[in-house]
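Below is one structure, written out as structure tokens; the observations come after it.
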Amino acid sequence: MSAPDLAPSVAALPTGWTAHEPTGDDVEDLVRLLRRHEKQARGWPGADSEQVAADVTGRGAAMRTHWLVRDAEGTARAWVSCHDRAAGRVLVGVTVDPDLAPDLAEPVAAYAFALAERISADIARDRGLAATQMDSGAFEDDERQDRWLKAAGFRLVRTWWQMERPVRPQEATEHPRPREGVEVRRVRRDDAVGLPEEEDLRAVHAILEESFADHFNNYRETFEEFLTRLRADPGHRWDHWWLAEVDGQPAGALVGTTVTGRLDEEGNPVPDGSYVEYIGVHSSARGRGVAKALLWTVIADAAARGRNRVGLEVDAQSPTRADGLYTSLGWETVYVTESWHKDVPASAG
């Protein structure tokens, strides 16, 4: 399948370059491309084959569209990824090889962003929407990516602190107990089939939807969309889902993932870690220490598994100042990312 047609006056690839939908055979080229970008823009690479394969050919592929750009010699030079995240929102990733000379990188970036816009407009059309939001990211101080985002019509709307906390082995047992009336437990499992009980999963979804309702750029997901998206992550584990109950009623939830397969700058394996994908507390239970109890639970779990860290993301402009809680429990910012948005009309029917 060929890439969607783009007017040459808008953007075009250099002579002899091609764009195609990647397959499993392209995964390692994509990983190497992404790692070169991460090292240049952030200071160290973090991409791994398992995550890229999941997005391109695995469970996560169903809601994603990818295009790989190769130069005339066949080297992978750019990657466009569009994730149909929710009704009215497309997550856009554009990665351009940092080894490209500027006279090549500039037109390739223009082509990649134009292609991403065309794909996003088609997604809006297929969903029956009048328009959609393109939501793209960048590492802080990546001047090249920022320049391309601005040229493509995006605006910087938010910054995010990417935080980590080291975990000590003794924290598997040495940690504060929840306040009176607060109990944290894993989602219940049906022993006959090994899957979580739907009642608990729906409670997690409901709590997170309510707790994030007034957060920046929140888009509501159906229960089915929520489960499908999280299960597509290769780090997904059902035993990383927790519910907090206050006086016997579900009041807080934490969904964690396993971080595996990461390599350091020299290509050596990094020990596994845990990551807090979501944490939320129902408004009726705030002030009862629920969030702290959930965080200590994931810390203790990571320690019991022999992991060395727990990561999470924080909205740097959040009015709730959630970073204060995380900092008080030992989290520190290791790098900063940005969100850039652009609204585009749907393609013609």
(request) Could you please give the count of residues in the range 300-334 that are assigned to a loop (DSSP other than H, G, I, E, B), surrounded by fewer than 20 Cβ atoms within 10 Å (Cβ to Cβ) and not charged (D, E, K, R)? (result) 10
(request) Exactly one condition in (1) farther than 27 Å from Thr258 by Cβ; (2) in contact with a Lys or Arg (Cβ under 9 Å, 6 or more places away or on another chain) is not met by Ala72; state its number. (result) (2)
(request) Taking Glu106 as meeting all but one of (1) out of contact with any Asp or Glu (no Cβ under 6 Å at 6 or more places or on another chain); (2) modelled with pLDDT of 95 or more; (3) not in a helix (DSSP H, G or I), write down the number of the exception. (result) (3)
(message) From the list Thr75, Thr65, Thr95, Thr132, exactly one residue is out of contact with any Pro (no Cβ under 9 Å at 6 or more places or on another chain) and either assigned by TED's automatic domain parsing to the domain that holds Val259 or crowded, with 23+ Cβ neighbours inside 10 Å (or both). Which is it?
(response) Thr95
(request) Please give the number of the condition Thr337 fails out of (1) assigned to a helix (DSSP H, G or I); (2) polar (S, T, N, Q); (3) touching a Ser or Thr at 6+ places or on another chain (Cβ under 9 Å). (result) (1)
(request) Please work out which residue is surrounded by the most Cβ atoms within 10 Å (Cβ to Cβ), limiting yourself to the range 280-299 and to residues that are hydrophobic (A, V, I, L, M, F, W, C) and either farther than 16 Å from His175 by Cβ or not assigned by TED's automatic domain parsing to the domain that holds Glu183 (or both). (result) Val281
(request) Restricting attention to the range 98-120, report how many residues are crowded, with 20+ Cβ neighbours inside 10 Å, over 15 Å from Val344 (Cα atoms) and touching a helix residue (DSSP H, G or I) at 6+ places or on another chain (Cβ under 9 Å). (result) 2
(message) Can you find a residue that is more than 20 Å from the chain's Cα centre (by Cα), outside the structural domain of Lys39 (by TED's automatic domain parsing) and either closer than 21 Å to Gly137 by Cβ or free of Cβ contacts under 8 Å to residues at least 40 places away in the same chain (or both) anywhere in the range 329-342?
(response) no
(request) Please work out which one of (1) part of a strand (DSSP E or B); (2) at pLDDT 95 or above; (3) crowded, with 20+ Cβ neighbours inside 10 Å is the condition His37 fails and give its number. (result) (1)
(message) Looking at the structure I just gave you, is Thr297 within 24 Å of Asp200 (Cα to Cα), touching a residue at least 24 places away in the same chain (Cβ under 8 Å) and assigned to a helix (DSSP H, G or I)?
(response) yes
(request) May I ask you to list the residues in the range 12-29 that are more than 9 Å from Arg70 (Cβ to Cβ) and among the hydroxyl-bearing types (Ser, Thr, Tyr)? (result) Thr15, Thr23
(request) Among the residues of the range 109-155, count how many are more than 14 Å from Ser339 (Cβ to Cβ), in contact with a Lys or Arg (Cβ under 8 Å, 6 or more places away or on another chain) and in a strand (DSSP E or B). (result) 1
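For (1) among the hydrophobic types (A, V, I, L, M, F, W, C); (2) buried (at least 20 other Cβ atoms within 10 Å of the Cβ); (3) closer than 22 Å to Asp315 by Cα; (4) modelled with pLDDT under 95, each residue gets a yes or a no:
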| site | (1), (2), (3), (4) |
| --- | --- |
| Pro196 | no, no, no, yes |
| Arg202 | no, no, no, no |
| Glu210 | no, no, yes, yes |
| Glu224 | no, no, no, yes |
| Gly235 | no, yes, no, yes |
| Glu266 | no, no, no, yes |
(request) Inspect all residues belonging to the range 24-33 and state whether any of them is farther than 27 Å from Asp141 by Cα, at pLDDT 95 or above and buried (at least 19 other Cβ atoms within 10 Å of the Cβ). (result) yes
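The values are calculated or read from the model by the stated rules, or taken from the named source; none is laboratory data. These numbers were taken from a predicted model, which means no experiment stands behind them. Virtual Cβ from ideal backbone geometry, glycine too; neighbours counted across all protein chains shown.
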